[in-house]
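Reading through the structure tokens given below for one structure.
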Amino acid sequence: MSATRRFLRLGVAVLAATVASHASGASRLVAAQEGSPTKGLIRKNQVPVSDQILKITLPKPAEAVLASGLRLIVLEDHRLPQIAFQLVIPGAGGYADPPDQPGLAAFTAALMREGTATRTSTQIAQQLEIMAATLNFTAGNSNEAIISGSSLSDQAVGLIDLAADLLLHPSFPDDEVGRFKQRTRATLAQQRANPAFLAAEMFSRAIYGSHPAARISPTVAAVDSLKRADVVAFHRAHYHPDLAVLAIAGDVSMFQARFVVESKLKEWARPAAPTTAAVPEPAPVDAAKMYFIGRPDSVQSNLVVGTSAIERTNPDFEVLSIMNKIVGGVPTGRLFMHLREEKGYTYDARSTLDARQHRGDWSATTSVRTEVTGPALGDLLEEVRQLREIQVSDQELADAKRSMVASFALSLESPAQLLSLSLTQWRYKLPANYWDKYAERIMAVTKEEIQNAARKYLAQDRMQIVVVGDPARALEPLKALGPVEMFDGDGAKTP
């Protein structure tokens, strides 16, 4: 079957699913007009619902392994004259940062955009503007560096040529390094003034300890010590093709893509010795703890509650994803409805499941008025307790499952999203039919499985609590819940 016919088949399946599910399941939520357009949510129960499970067969990308070891994945879609690509390089992300140079991977990726032997930073920006193209280099808090871009298909060769030049020949000009350091210092100063960042930083330290995942941001000291030689050495040591994958989606064939990639990346050679990108497993959280970061005179308290959870390949991934949708989906999740709609403590409350190649975490976050810090935290913990001790309702489960399947179906209309699915399948070595069976697995999850997962992964004796707020007004109510470890805004422990 041709790529066009496969996409037409997919489009019919998506249309059938989404016509029946424009909202999150069987109920539609509308704002009550009582003084405020966001005050109160009323279930109208007026959306037509189909109980038929979404059946799809996704178009399968073509794959090839080049002489350098680079894996090439091409997903043809000729409906629009455009392409998008991602080059994923394991071993070049933040996990490779030296302990005394947090952020070096991110610095290297950012500075690769700032010039080559034949192009200045200004010329690069002008060329991208002329092509109406995007090109980004990132290396965040993970094991990977990612180069991504998009353009019209008639500009694809030029875009790949530019990306290859930046990948292979970054010059890391001294003046650009200096400007980058200046900008980054200002960003870090603003970051430390943000209570949400302070809470996330402490939570990561509590969950991951000495694991590289605990480092969510560079330090000012690392920026100050940064030298051009550092990024040159990091680039040379970590940007290799033997474990990398280049995925391209859009108006292009495998023949065209391979010809261009092999000609533009012919200098990117396999290293003499195989590089490794093993991701260590973080130690599990073994005891409940509470952390308080003092921020005098703060008018609100930022709360994070969570614990270590699962890796992406864990069989419980779909179960925990649905559980998380029920408790933290916005604006229909329990936390939002309870903390905002019923109690008026906050503007927002949500939860997140972060599953990675190693054991990730689950967390619930909100920010509340200082005077309700204690009650809000108590209510948040109560919602977690109910997940463990009381089965979710049939309606909650049905709504969450339909919402997730409908969102998945809508995402299949985008070639870039299909490309992302292919990369996820490659990254975690998932079965060939993994996404074809996704809706089926979601709809098969039961209330019993959700409760068992909550009991297993959200145990009270492993829960980590982080509060950022005014110690004069927010600290005392927390002490009734147990011992509290105190920290200042720089993350240093205080008496």
If you average the C-alpha positions of the stretch 93-156 and of the stretch 311-328 separately, how far apart do those two centres end up, in angstrom? 32 Å
Suppose a student asked you for the relative contact order of the chain, using Cα pairs under 8 Å spaced at least 6 residues apart; what percent would you report? 20 percent
Going by a ≥ b ≥ c, the root eigenvalues of the Cα gyration tensor, does the stretch 105-212 fall in the rounded group (a/c under 1.5), the prolate group (a/b larger than b/c) or the oblate group? prolate
Can you figure out the FRET efficiency of residue 393 with residue 485, using R₀ = 45 Å and their beta-carbon distance, to the nearest 0.05? 0.75
Nearest-20 debye value, the chain charge dipole, Cβ charges on Lys, Arg, Asp, Glu: 560 debye
Alpha carbon Rg of the chain, scaled by the compact-globule rule 2.2 N^0.38 Å: 1.05
Stretched out fully, how many nm does the piece from residue 313 to residue 55 gain, at 0.36 nm a residue minus the Cα gap? 90.6 nm
Out of residues 5 or more away from residue 54 or on other chains, whose amide H comes under 5 Å of its own, with H placed 1.01 Å from N in the peptide plane? none
Projecting each Cα onto the charge dipole of the chain (Lys/Arg +1, Asp/Glu -1 at the beta carbon, about the Cα centre), which of 457, 349, 73 comes out farthest on the positive side? 73
Mind giving me the nanometre distance, one decimal, between the label points for residue 67 and residue 79, set 7 Å out from Cα along Cα→Cβ? 3.8 nm
In order over the stretch 184-193: 3J(HN,Hα) from phi, Karplus 6.51/-1.76/1.60, θ = phi - 60°, whole Hz, x for each Gly or Pro, gives 5, 4, 5, 5, 5, 5, 5, 4, 6, 8
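So how do 426, 268 line up by other beta-carbon neighbours within 10 Å, fewest first?
426, 268
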Search the structure for amide H atoms under 5 Å from the amide H of residue 78, placed 1.01 Å from N in the peptide plane, and list their residues when 5 or more places away or on another chain. none
Per residue of the stretch 487-493, in order, report the coupling 6.51 cos²θ - 1.76 cosθ + 1.60 (Karplus, θ = phi - 60°) as ³J(HN,Hα) in whole Hz, putting x for Gly and Pro. 9, 9, x, 8, x, 8, 6
Give, rounded to the nearest 20 debye, the magnitude of the charge dipole that the stretch 317-446 has about its Cα centre when Lys and Arg contribute +1 at Cβ and Asp and Glu contribute -1 at Cβ. 440 debye
I want to check the label-to-label distance for residue 258 and residue 354. Put each point 7 Å from Cα in the C-beta direction and report it in nm to one decimal. 4.0 nm
Given a Förster distance of 45 Å, report the FRET efficiency between residue 190 and residue 321 from their Cβ-Cβ distance, rounded to the nearest 0.05. 0.85
For the stretch 289-487, whose charge dipole is built from +1 on Lys and Arg Cβ atoms and -1 on Asp and Glu Cβ atoms, the candidate among 314, 328, 387 with its Cα farthest towards the positive end is 314
For residue 118 and residue 452, FRET efficiency with R0 = 60 Å and r from the beta-carbon atoms, rounded to 0.05? 0.50
Got a sec to turn the phi values of the stretch 464-475 into Karplus ³J(HN,Hα) couplings, 6.51 cos²θ - 1.76 cosθ + 1.60 with θ = phi - 60°, whole Hz, x for Gly and Pro? 9, 10, 10, 10, 10, x, 7, x, 5, 10, 9, 6
In the structure shown, do any of 289/456; 343/401; 325/456; 289/493; 55/401; 343/493 have a Cα-Cα gap over 24 Å, and if so which? 343/401; 343/493
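Every number in this text was worked out from the coordinates using simple rules, so none of it is lab data. None of these values were measured; they are calculated from a predicted model. In this analysis, Cβ positions are derived from the backbone assuming ideal geometry, glycine residues included, and neighbour counts consider all displayed protein chains.
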